[in-house]
Amino acid sequence: MSRIAYVNGQYLPHNHASVHIEDRGYQFADGVYEVCEIRHRMLLDVPRHMDRLERSLRELQIAMPLDRRIFVSILREVCRRNRVTNGMVYIQVSRGVSPRNHLFPPASVKPSMIITARNTNLEAANKMAAAGIGVFTVPENRWERVDIKSVSLLPNILAKQKAHDNGAGEAWFVDKNGYVTEGSSTNAWIVTAEGTLVTRPAENGILRGITRTRIIDMATELGLEVEERAFTVDEAKAAREAFVTAATSVVMPVTAIDNVVVANGHPGEIASCLRALFFQSSEKLAC
Ligand code: PDD
């Protein structure tokens with residue numbers, strides 16, 4: 001089956017879908033994105049993703065390209081046309097196409113919008129979660145506005161590659177005081193010896209992950225203690241559990257940090273439980 005992409009008002013064969021060479025997303029990384037998870041033909045937590053998309057656009061003074069209702073109906077249509085059962089949908093909005101100039105283009109230039117969707121291998125992801133992943137720490141070197149989900153991800157991809165080259169599945173950025181900020185494409189968590197879930201506050205220094213917010217809701221409902229505070233690499237190495245969260249990996253247990261084994265080296269009970277309950281706790285919208 002051929003894949004279909006939505007590009008500026010058209011549904012196109014994926015292989016032929018393209019944007020203009022003077023798209024500001026391409027030339028300046030002047031745009032934002034969202035990734036939503038799809039499970040069992042359901043889009044998860046769409047209102048929260050749309051809220052964050054609108055916020056990111058507002059912060060960068062880019063107009064929302066379409067009314068939210070129409071936007072969401074296109075999202076569902078792209079998922080349907082690509083017959084996604086378990087996978088992800090990717091949304092990108094840039095400031096539009098205009099002759100290269102650092103200044104914003106005139107207001108008449110419309111934002112560009114693309115949406116793609118694809119199946120991912122749920123079985124492989126579950127296998128990875130059953131084994132856990134290692135993380136590799138790198139110095140925080142990103143700009144201050146990582147709360148905006150900008151497509152400008154150069155430090156993130158370099159960090160992820162470095163982690164991969166060192167045999168780890170994710171990189172953790174560490175600030176100059178030794179505290180973990182977040183992963184290259186995930187939020188970072190630990191569970192203390194007392195069973196308290198700890199994750200960095202989302203006021204600054206991290207992206208307010210939709211999965212992170214959902215996990216806070218779930219944990220609270222389950223009667224677990226959640227503390228929003230920063231933790232150090234040493235505290236994480238000595239923790240009862242560690243894990244990361246994102247739309248693409250849901251809850252992924254971390255079993256080693258810089259080659260130091262966390263607890264007994266197996267995925268933690270709380271992380272595995274939250275992963276198992278995630279789908280039923282999320283807000284669902286049929287594709
Ligand atoms: N990344 N932090 C960063 C830097 C991220 O890039 C992401 C998501 C998260 C988790 O956010 P959420 O729970 O809303 O997915 C945290 C996406 C999945 C990506 O870039 O592919």
Would you check if GLU77 is modelled with pLDDT of 95 or more, touching a strand residue (DSSP E or B) at 6+ places or on another chain (Cβ under 8 Å) and within 12 Å of the ligand (Cβ to nearest atom)?
no
Quick one: which strands (runs of 3 or more DSSP E) lie wholly within the range 233-287 and hold at least 1 residues that are over 20 Å from PHE136 (Cα atoms)?
284-286
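Can ALA271 be described as crowded, with 16+ Cβ neighbours inside 10 Å, within 30 Å of VAL84 (Cα to Cα), modelled with pLDDT of 95 or more and within 16 Å of the ligand (Cβ to nearest atom)?
yes
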If you check THR245, THR211, which single one turns out to be over 20 Å from HIS164 (Cβ atoms), under 17 Å from the mean Cα position of the chain (by Cα), at pLDDT 95 or above and of a type in the set (Ser, Thr, Tyr)?
THR211
Search result, residues across the range 80-98 that are within 16 Å of the ligand (Cβ to nearest atom), of a type in the set (S, T, N, Q) and over 19 Å from MET50 (Cα atoms):
ASN86
Can you confirm whether the range 183-190 contains a residue that is away from the ligand (no atom under 14 Å from the Cβ), closer than 24 Å to GLY87 by Cβ and modelled with pLDDT of 95 or more?
no
Within the bounds of the range 98-116, is there any residue that is touching a residue at least 60 places away in the same chain (Cβ under 8 Å) and in contact with a helix residue (DSSP H, G or I) (Cβ under 6 Å, 6 or more places away or on another chain)?
yes
Across the range 157-179, what is the total count of residues that are buried (at least 18 other Cβ atoms within 10 Å of the Cβ) and within 12 Å of the ligand (Cβ to nearest atom)?
6
Evaluate the range 11-23: report whether one residue or more is surrounded by 19 or more Cβ atoms within 10 Å (Cβ to Cβ), within 16 Å of the ligand (Cβ to nearest atom) and in contact (Cβ under 8 Å) with a residue 60 or more places away in the chain.
no
Criterion first (of a type in the set (Val, Ile, Thr), in contact (Cβ under 8 Å) with a residue 24 or more places away in the chain and in contact with a Ser or Thr (Cβ under 6 Å, 6 or more places away or on another chain)) does VAL254 satisfy it?
no
Determine, yes or no, whether ARG240 is within 27 Å of HIS49 (Cβ to Cβ), at pLDDT 95 or above, among the charged types (D, E, K, R) and not assigned by TED's automatic domain parsing to the domain that holds ARG41.
no
Give me the residue from the range 195-214 that is within 15 Å of ALA236 (Cβ to Cβ) and more than 13 Å from the ligand (Cβ to nearest atom) and, out of that set, surrounded by the fewest Cβ atoms within 10 Å (Cβ to Cβ).
THR196
Single residue of the range 215-232 satisfying the filter (in contact (Cβ under 8 Å) with a residue 24 or more places away in the chain and in a helix (DSSP H, G or I)) that is farthest from the ligand (Cβ to nearest atom):
GLU221
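The values are calculated or read from the model by the stated rules, or taken from the named source; none is laboratory data. From a predicted model like this one, the values you see are computed outputs, not experimental measurements. Virtual Cβ from ideal backbone geometry, glycine too; neighbours counted across all protein chains shown.
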